[in-house]
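Colleague: What follows is a structure written as structure tokens; I'll ask about it next.
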Amino acid sequence: NLRVVGVLKNNLSWSKSRDETFRECPRRYYYHYYASWGGWNRQGDPKTRQFYILKNLKSRHMWLGEVVHHTIEDALKHYQRTQNLKSEFWLQKITDQMRREFRGSRDRKYLEDPKRNVGLYEHEYESKISDEQWVEAHDTARRCFTNFANIFFVERVKPVPIGQWKLIETMQQFYVEGVLVYVKIDFAYEEGGYFVIVDWKTGKSEDVDNQIQLDCYGLFSREAFKVATEKIKTIECNVNLCKNNEYQM
């Protein structure tokens, strides 16, 4: 069978991360979203390939946050199918994954395939990071998941019937005044006549203003699920600090 693959286009779109990158440094925004375009082609322009490799690098803090998010996503989807969530299984998965990805980054495997192999800033730029700091990243990831499993899952997730779950880490898109907007909601469900959006946080700081991000989630949910604005709640659940911040649109 002949498979027709469409031509990839670098269309203008908006997301919170894109907006933050542009506000931080327009030059970085250009390198990240435009100069790196097509860099997945190993036989393409070497400079474009280099931009693509650098684009996919992440710090150890970003890395541990992604590991926690993906593990929570997998654990929730597993629970959705089996009604079972064993913390030790997922904690061991975190340890195994971080060990494997650390070794791969240290060995520069991301240079061959930056999309499928984690590349860390600390390895690319040969930063002097102590063993204790790497252990701290691992321990923080495990602690975050433990807090999720023992506190947030028990109090926030488990009481909600699975039939009322609506989204788990699904990339969605909608238009605002003709501009394509991407959102990825960590977890959403219906309860007591409300549409509840949960955003997992793993950082140590409470000073970051995430209101724009949460408002975008609410706008998407209002349009996609036909929910009245006053019936939408957004909740930041910081699994690192064990704190909730609840908002209503």
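Colleague: Just to be sure I understand the filter: pairs with C-beta atoms under 9 Å, separated by 6 or more residues or on different chains, first member in region 81-108 and more than 22 Å from Val157 (Cα to Cα), second member in a helix (DSSP H, G or I) and of a type in the set (Asp, Glu). Which pairs pass?
Modeller: Final answer for the pair search is Ser105/Glu122; Ser105/Glu124; Arg108/Glu124.
Colleague: Separate question: When you look at Gln50, is it outside any helix (DSSP H, G or I), over 27 Å from Val181 (Cα atoms) and either out of contact with any helix residue (DSSP H, G or I) (no Cβ under 8 Å at 6 or more places or on another chain) or open to solvent by 60 Å² or more (accessible area, probe 1.4 Å) (or both), yes or no?
Modeller: no
Colleague: So which residues in region 226-249 are basic (Lys, Arg) and either over 22 Å from Thr146 (Cα atoms) or surrounded by 15 or more Cβ atoms within 10 Å (Cβ to Cβ) (or both), if there are any at all?
Modeller: Lys226, Lys231, Lys233
Colleague: Out of Leu8, Leu91, Leu64, report the one residue that is among the aliphatic types (A, V, I, L, M), open to solvent by 70 Å² or more (accessible area, probe 1.4 Å) and under 24 Å from Val118 (Cβ atoms).
Modeller: The conditions single out Leu8.
Colleague: Condition check: assigned to a helix (DSSP H, G or I), of a type in the set (D, E, K, R) and in contact with a strand residue (DSSP E or B) (Cβ under 7 Å, 6 or more places away or on another chain). Does Glu20 satisfy that?
Modeller: Taking the combined requirement at face value, the residue does not satisfy it.
Colleague: When you check Leu57 against the structure, is it open to solvent by less than 70 Å² (accessible area, probe 1.4 Å) and touching a His at 6+ places or on another chain (Cβ under 8 Å), yes or no?
Modeller: Judged against the criteria, Leu57 is not a match.
Colleague: Answer yes or no: is there a residue in region 119-140 that is of a type in the set (A, V, I, L, M, F, W, C), in a strand (DSSP E or B) and touching a Ser or Thr at 6+ places or on another chain (Cβ under 6 Å).
Modeller: yes
Colleague: Hey, among the residues in region 172-225 that are open to solvent by 40 Å² or more (accessible area, probe 1.4 Å) and of a type in the set (S, T, N, Q), which one's farthest from Trp14 (Cα to Cα)?
Modeller: My answer is Ser205.
The values are calculated or read from the model by the stated rules, or taken from the named source; none is laboratory data. What you see is a predicted model, and the numbers here were worked out from it, not measured in a lab. Neighbour counts run over all protein chains shown; Cβ positions are idealised from the backbone, glycine included. Remember, those area values only see protein heavy atoms, side chains included, never the ligands or the DNA or RNA. Shrake-Rupley method; radii C 1.70, N 1.55, O 1.52, S 1.80 Å.
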